[in-house]
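> One structure follows; several queries about it will come next.
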Amino acid sequence: MTKAERVRKNIKESAANLFGRLGYEKTSVDQIARLARKAKASIYYHFDSKLSIYRDVMEDEFRTLRKSLEDVRERCTEDEAECLSEYLMVRMEEMLKMPIYANYMKDRIVNHTLGEVSRTVRSIRKDFDEWEYRYFRHVGEVGIRKGVFSDRVYPDMFARMLVNILKGLEIQLFVTDDRDALRSTYEAMVEILIYRNPALVVCRQANESQNDKE
């Protein structure tokens, strides 16, 4: 890592710390410079503006989230019910580790944040949503092919509805103080969604039986 890369990394880590604790509006470039122990001019040498720093650290949060979910998809390929269940649980846990996005969501709820910050977050979020939509559509298509879902399920609609449901639930993730109740209830909802679907249960049992034989 070059000196310039180390400096940039230090600036981003300092900014992430402040954005995660204070949010965008209450964080200044002066504060970032002090925490990073750099001159303000050094901050502007590496970044065009406070917003560009914010975009970088927000992208890092979503990049980490996506990497964790890709890991789930790679190691879990046989049991659709188990895969989707693990995906949804990991998604929640990783989202709870995203303080910058959490602060943005809280600000948006309380202050109805608009403008350049919201446009920046929507742009980042759009990329993630499209990636997640493609995964859920694939789940729907495979589920229909294997008989897990009936032909009443349309993969496109299945994916869009699941994406929107999860986005709606995110608000609750960030406004609740009772994390234990949140985790317990979310897990129960996932079980209702997946394991109380008779077709999914039969499919899971069939997979388990096949694994036992092997």
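> With N set to the residue count of region 20-99, report its C-alpha Rg divided by 2.2 N^0.38 Å to two decimal places.
Normalised by 2.2 N^0.38 Å, the Cα Rg of region 20-99 equals 1.52.
> Going by alpha carbons, how many degrees (0 to 90, nearest 10) lie between the helix axis of 155-175 and the longest principal axis of the chain?
It works out to around 50 degrees.
> How big is the accessible area of residue 184 in square angstrom, nearest 10, if you roll a 1.4 angstrom probe over the protein chains?
70
> How far, in nm, would the chain grow between residue 93 and residue 10 when pulled straight, counting 0.36 nm per residue and subtracting the alpha carbon separation?
Full-extension gain reported as 27.3 nm.
> A further question follows. At R0 = 30 Å, how high is the FRET efficiency between residue 141 and residue 64 if r is their beta carbon distance? Nearest 0.05 is fine.
Plugging the Cβ-Cβ distance into 1/(1 + (r/R0)^6) gives 0.60.
> Give me the percent of Cα-Cα pairs in the chain that sit more than 24 Å apart, rounded to a whole number.
52
> So what is the relative contact order for region 118-187, in percent, with contacts set as C-alpha pairs under 8 Å and at least six apart?
With pairs under 8 Å counted, the relative contact order is 26 percent.
> How about region 60-113: which GluC sites (Glu not before Pro) there are in a DSSP loop, with at most 12 other Cβ atoms within 10 Å of their Cβ?
Here the GluC sites (Glu not before Pro) that fit, given the DSSP loop and packing criteria, are 78.
> Heavy-atom accessible area per residue, region 71-136, 1.4 Å probe: how many Å²?
Per-residue accessible area for region 71-136 comes out at 48 Å².
> Considering only protein heavy atoms and a 1.4 Å probe, what is the carbon-and-sulfur percentage of the accessible area of the chain?
Using a 1.4 Å probe with all protein chains present, the chain comes out at 50 percent carbon and sulfur.
> Placing +1 at every Lys and Arg Cβ and -1 at every Asp and Glu Cβ, with all other atoms neutral, what dipole size does the chain have around its Cα centre, in debye to the nearest 20?
Roughly 1200 debye for the chain.
> Heads up, I need the accessible area for residue 66: 1.4 angstrom probe, whole protein in place, Å², nearest 10.
Near enough 80 Å² of accessible area.
> Largest first, please: the extent of the C-alpha atoms of region 37-151 along each principal axis, to the nearest Å.
60, 30, 20
> Let me ask something else about it. Give the angle, between 0 and 90 degrees and rounded to the nearest 10, that separates the Cα long axis of helix 179-194 from the longest principal axis of the Cα atoms of the chain.
Value to nearest ten degrees: 40.
The values are calculated or read from the model by the stated rules, or taken from the named source; none is laboratory data. Worth saying up front: this structure is predicted, and the values here are computed from it rather than measured. A quick note on method: Cβ atoms are made from the backbone with ideal geometry, for glycine too, and the neighbour counts reach across all protein chains shown. Surface accessibility is based on the protein's heavy atoms, side chains included, excluding ligands, DNA and RNA. Shrake-Rupley method; radii C 1.70, N 1.55, O 1.52, S 1.80 Å.
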